[in-house]
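Contents: one structure, followed by commentary.
The values are calculated or read from the model by the stated rules, or taken from the named source; none is laboratory data. All values derive from a computational prediction rather than experimental measurement. As a convention, Cβ positions derive from the backbone with ideal geometry for all residues, glycine included, and neighbour counts pool all protein chains shown.
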Amino acid sequence: MPEPPSRAHRSARWARRLAAVVISLCALAGAVRLVVPATAGPTGEPAGVQRQLAFLRAALDGGAGDDAQRLFPEGYFFLHALYGLTWAELGMRRPPGERPAALREARWALARLESPAGRAPFSPDLTPPYGVFHRGWTNLLRGQTLSLQPAGQRDPAEARRFADDSAALGAAFGASASPYLAAYPGQAWPVDSTVAIASLRLHDTLLPARFAGTTERWLREVRRRLDPRTGLLPHQADPGTGDPVEVARGSSQSLIQRFLADIDPAFAREQYARFRDRFLATPLGLGPAVREYPHGMDGPGDVDSGPLPLGISLSATAVTLGAAQVHGDAPLAGALANYGELAGLPLGTPWTKRYAFGLLPIGDAFLAWSKTARPWVAAVPTPPPTVVSPWWRVPLLSILSLLAALPWLPALRRRRLYKVDSSTA
């Protein structure tokens, strides 16, 4: 007759069972995150975004902007810009009477963009002053802040400032031989000018139209200077001529595709199809993701892309969620959002939500902004042909099922052996 287990053996057995329960519950939670819809389209309010914004505001109040600035040159500016833009996106999904909080927070962020800390990395000697990156994103947030106010109740000073800053951008584009204005002395990235032109398109929907000619000229010049390898806007361009300097890359394309839809829907649709074809990937067959370099080409990561495991840019993947949503590509947007809910390790409370344990608030800001993406000028387009298999979740769900079962296999084996021993005793 076998001896009864000792106290130490009983404790070890319960510890193993507890670990097995925890692992199984984590796998089950992962499966739920993978299948429960994580987006709400261009009109609904995505679950969890307001709690993400609560986390971001607390992080910003605690110095997250300064921390981001130490990571990359526009960290302080970009983190505040994305916070304000997300509030504006969220506010536009609500009835006018429920927008005061969104307007207050968007204005708060806008003030930080124009503060000495917000302008510090940029040169006042550029045209326009502080460069197209600072002026384009600031003008976009100013226009979206104005959009939150009913037409007959807009702040006159804010409207004048939006008109004046838009005019300064329009004049800079008109005086430039290149469609790509400089963000820093001697350096131009097409994505920054794309944001600025989108802000001028927004101007013409809110105030008397005056930039149609600027937009048409910009589009004409852009089409003449596409990256020859991909047929897309290049990642970097010569600030004097606008000629491509660097091949199209995922970290900038994911942003460009979001804004082109408001500039020229037909051109945007063509560019978006090219982008999906050349950058969308399924590394190891596990869900959709976005490469930093086009298929058939590899390169180093940098502050824009982050690390590139298997050639994938996590930042480009998160931002492409927003581009897909703006283009009406619900299958891709939904897949990217669900993949993020699994791989991003979200941690939620009744008041806040953060990803990757909140270690990089800029990542949370990009994801919240992407989930709330909607067209600001153009109508929601006809959905493009889907490129996401309806079975994309199956490999991940299989792995999660295996993880849930593995901790119980030793116990099942021991029970089986015990039954065999008992029957032969």
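Which pairs have Cβ atoms under 6 Å, sit 6 or more apart or on different chains, and link a residue in region 279-290 that is farther than 15 Å from Leu34 by Cα and in contact (Cβ under 8 Å) with a residue 24 or more places away in the chain to one that is outside any strand (DSSP E or B) and among the β-branched types (Val, Ile, Thr)?
Val290/Thr317; Val290/Thr320
Residue-wise test of (1) within 23 Å of Ala378 (Cα to Cα); (2) among the β-branched types (Val, Ile, Thr).
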site	(1), (2)
Pro156	no, no
Arg160	no, no
Ala172	no, no
Ala175	no, no
Ala183	no, no
His203	yes, no
Leu206	yes, no
Thr214	yes, yes
Pro244	no, no
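Can you name the number of the only condition in (1) over 24 Å from Gly41 (Cα atoms); (2) surrounded by fewer than 18 Cβ atoms within 10 Å (Cβ to Cβ); (3) modelled with pLDDT of 90 or more that Ala281 fails?
The one condition Ala281 does not meet is (1).
Let me confirm something: among Leu60, Leu82, which residue is under 24 Å from Phe357 (Cβ atoms), out of contact with any Leu (no Cβ under 8 Å at 6 or more places or on another chain) and crowded, with 19+ Cβ neighbours inside 10 Å?
Leu82
Every residue, every condition in (1) within 16 Å of Glu341 (Cβ to Cβ); (2) in contact with a helix residue (DSSP H, G or I) (Cβ under 6 Å, 6 or more places away or on another chain); (3) among the basic types (Lys, Arg), yes or no:
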| position | (1), (2), (3) |
| --- | --- |
| Ala29 | yes, no, no |
| Val36 | yes, no, no |
| Glu45 | no, no, no |
| Gly62 | no, no, no |
| Ala68 | no, yes, no |
| Leu79 | no, yes, no |
| Glu89 | no, no, no |
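So which pairs qualify, if the first residue must be in region 21-46 and crowded, with 16+ Cβ neighbours inside 10 Å, the second must be among the acidic types (Asp, Glu), the Cβ gap must be under 8 Å, and the two must be at least 6 apart or on different chains?
That search, which allows pairs on different chains as well, returns Arg33/Glu341; Leu34/Glu341; Ala38/Glu341.
Yes or no: region 100-119 includes at least one residue that is out of contact with any Lys or Arg (no Cβ under 6 Å at 6 or more places or on another chain), buried (at least 21 other Cβ atoms within 10 Å of the Cβ) and either aromatic (Phe, Trp, Tyr) or not in a helix (DSSP H, G or I) (or both).
Checked against the condition, which is being out of contact with any Lys or Arg (no Cβ under 6 Å at 6 or more places or on another chain), buried (at least 21 other Cβ atoms within 10 Å of the Cβ) and either aromatic (Phe, Trp, Tyr) or not in a helix (DSSP H, G or I) (or both), region 100-119 yields no hits at all.
Restricting attention to region 255-270, does a residue exist that is over 29 Å from Arg161 (Cα atoms), surrounded by fewer than 16 Cβ atoms within 10 Å (Cβ to Cβ) and in contact (Cβ under 8 Å) with a residue 40 or more places away in the chain?
The answer is yes; a qualifying residue exists.
So is Gly340 small (Gly, Ala, Ser) and either in contact with a Cys (Cβ under 6 Å, 6 or more places away or on another chain) or not in a helix (DSSP H, G or I) (or both) or not?
no
Considering only region 191-229, state which residues are within 25 Å of Met297 (Cα to Cα), of a type outside the set (Lys, Arg) and out of contact with any Asp or Glu (no Cβ under 9 Å at 6 or more places or on another chain).
Restricting attention to region 191-229, the residues satisfying the condition of being within 25 Å of Met297 (Cα to Cα) are 191-192, 194, 222-229.
Now drop any that are not of a type outside the set (Lys, Arg), which leaves 191-192, 194, 222, 226-228.
If the condition is that a residue be within 25 Å of Met297 (Cα to Cα), of a type outside the set (Lys, Arg) and out of contact with any Asp or Glu (no Cβ under 9 Å at 6 or more places or on another chain), then Val191, Asp192, Thr194, Val222, Leu226, Pro228 are the ones that fit.
Can you pull out every residue in region 205-246 that is surrounded by fewer than 20 Cβ atoms within 10 Å (Cβ to Cβ), within 21 Å of Ser147 (Cα to Cα) and touching a residue at least 40 places away in the same chain (Cβ under 8 Å)?
Matches in region 205-246: Thr205, Leu207, Arg210, Thr215.
Has region 260-269 got at least one residue that is over 24 Å from Leu360 (Cα atoms) and outside any helix (DSSP H, G or I)?
Checked region 260-269: at least one residue is over 24 Å from Leu360 (Cα atoms) and outside any helix (DSSP H, G or I).
Of all residues in region 335-356, which are more than 15 Å from the chain's Cα centre (by Cα) and closer than 22 Å to Trp391 by Cα?
Leu342
So for region 164-176 (the condition being surrounded by fewer than 23 Cβ atoms within 10 Å (Cβ to Cβ), of a type in the set (Gly, Ala, Ser), touching a His at 6+ places or on another chain (Cβ under 9 Å) and closer than 21 Å to Leu233 by Cβ), does at least one residue qualify?
Yes, that holds for at least one residue.
Quick one: in region 145-158, of everything that is polar (S, T, N, Q) and surrounded by fewer than 24 Cβ atoms within 10 Å (Cβ to Cβ), which residue is modelled with the lowest pLDDT?
Gln153
Considering region 302-311 alone, what residues qualify as being surrounded by 14 or more Cβ atoms within 10 Å (Cβ to Cβ) and more than 20 Å from Pro361 (Cα to Cα)?
Gly311
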